[in-house]
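Right, one structure below, let's go through it.
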Amino acid sequence: MIWEIFRQDRKGQPFEHAGSVEAPDAEFAEAWAREQYGRRGESVALWLAPREAIHAVTEWSDEFDLKYRRVDGYSIKARLKEARERASAESG
Amino acid sequence: MAAVEVPRSEQAFLEYVQAGGQVETTDWLPDDYRAKLVKFIEMHGNSELMGVLPEREWILRAPTLQRKLALTAKVQDEVGHAQLIYRVVEDLGKPRARCLDDLISGTSKFHNVFHYPTKTWGDVGVIAWLVDAAAIISQKALLKCSYAPYARIMKKICWEESFHILHGRDVILAMVTGTPEQFGLVQEALDRWWGPLMQFHGNPIPADDDPMFRWRIKSQGNEEARQQFLDGYVPQILELGLTVPDPKLRKRDDGVWEYTEPDWDELKSVVTGHGPRTAERLAFRRRFIEQEQWVRDALLVA
């Protein structure tokens, strides 16, 4: 059974995928993971997850053009320039 | 944002990795890429596993308790690296048991430097300092490997190697500041290891002709790695009053190191199983794999 190991560097930091170990159960996986990722105190916490329990999402579609939800959906440069020119022409 | 699609044709995949793209186990991988990855990563795993043997021979003979403990810790680190690396190979389709079979039958390779004897404590110091230094140059270049699961475990491996290299330097410094006999042991060991060290990064084929570079499994060419090694470590060797046993070695004005052509025939012969300690070390590994079968049987029955 393959266990994916995620480790945390410091309290409050995100857990990062660090590798995997093969072990028949959680107890053995923990012993392995402690040796591999904790014997120098380099991790404050570990997450061990059976590989088959991970529901991975890798397919994304954007049929509805969701650009308006993101910063790259707004191109203001040209219009800002125009607005500034108009303002300066009116005041001048 | 839409997902980054890993291209499904060999040519487009090649362009993708050459542009710095990384892939995961679950992505489509060209057959040649997968085969090259297995070969490269398996050899790395083999080298970690065989690389502990020259040092293991010195645990009982190390001069102080502190040194024995440090060597033991190094051996544990390196066997741990082998375990992580073989896991990565397994996910690419080659089970660990088959990797071990191929290793002990001499079908697969391991690094040239682990085929030589460790004659004195001076050799242990030179291996721990300079062999590890040469290795860490290759390994740091793998942090950018196009195969992401391998690149991720390299973070931990490189981090532990930095402790190894300091340990090696400490051993060397203790000896070069010791008696003339101790200094002599270091110089003799350096004389013995210089040849294998210069061969370590492989022959200077242009990076673009190297399939491991083309697929961006490694991110630098052989000669680039060797130049980096010379640039980083020759000054450190010389400042201790040691002599590099190569009269042609010099740094040109343009920053490139010139050196006597390494013995590529020796490299080829050694890595194909004809090194001075190859047979003995493989026999040792074989004996332990057989002897410890019951542990695997007992623990992995579930």
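Rule-based calculations on the coordinates, nothing more; no lab input. Owing to the predicted nature of the structure, the values given are computational and were not obtained by experimental measurement. As a convention, Cβ positions derive from the backbone with ideal geometry for all residues, glycine included, and neighbour counts pool all protein chains shown.
Taking Cα atoms only, the orientation of helix A:26-38 departs from the longest principal axis of chain A by about 60 degrees. Quick one: helix B:180-199 against the long Cα principal axis of chain B, what's the angle to the nearest 10°, folded into 0 to 90? Tilt relative to chain B: about 30 degrees. With the simple spin-label model, which puts each label point 7 Å out from Cα in the Cβ direction, the B:SER162 to A:VAL57 separation comes to 3.5 nm.
Distance cut-off 20 Å, Cα to Cα: go down the list B:LYS218/B:LYS251; B:LYS36/B:LYS144; B:LYS109/B:LYS268; B:LYS68/B:LYS156 and report the pairs above it. List each step's numbers first, then the result.
Working: B:LYS218/B:LYS251 26 Å; B:LYS36/B:LYS144 16 Å; B:LYS109/B:LYS268 11 Å; B:LYS68/B:LYS156 23 Å.
From B:LYS218/B:LYS251; B:LYS36/B:LYS144; B:LYS109/B:LYS268; B:LYS68/B:LYS156, over 20 Å: B:LYS218/B:LYS251; B:LYS68/B:LYS156.
Each peptide in B:216-224, B:145-153 receives the mean, over its residues, of other Cβ atoms within 10 Å, and ordering these scores from highest gives B:145-153, B:216-224. For chain B, find the longest principal axis of its Cα atoms and tell me its angle to the long axis of helix B:31-56, 0 to 90°, nearest 10. In chain B, helix B:31-56 runs at an angle near 30 degrees to the longest axis. Across segment B:14-25, coupling constants 3J(HN,Hα) worked out from phi with the 6.51/-1.76/1.60 Karplus curve, θ = phi - 60°, read 4, 5, 4, 6, 5, 8, x, x, 10, 10, 10, 3 Hz, and Gly and Pro carry x.
222 nm [θ] for chain B, helices only, -39500 (n - 2.57) per DSSP H run of 4+, per residue, to 500? Intermediate results must be reported in sequence, preceding the final value.
Working: 13 runs with 183 residues, N = 302.
Mean residue ellipticity, 222 nm, calculated: -19500 deg cm²/dmol.
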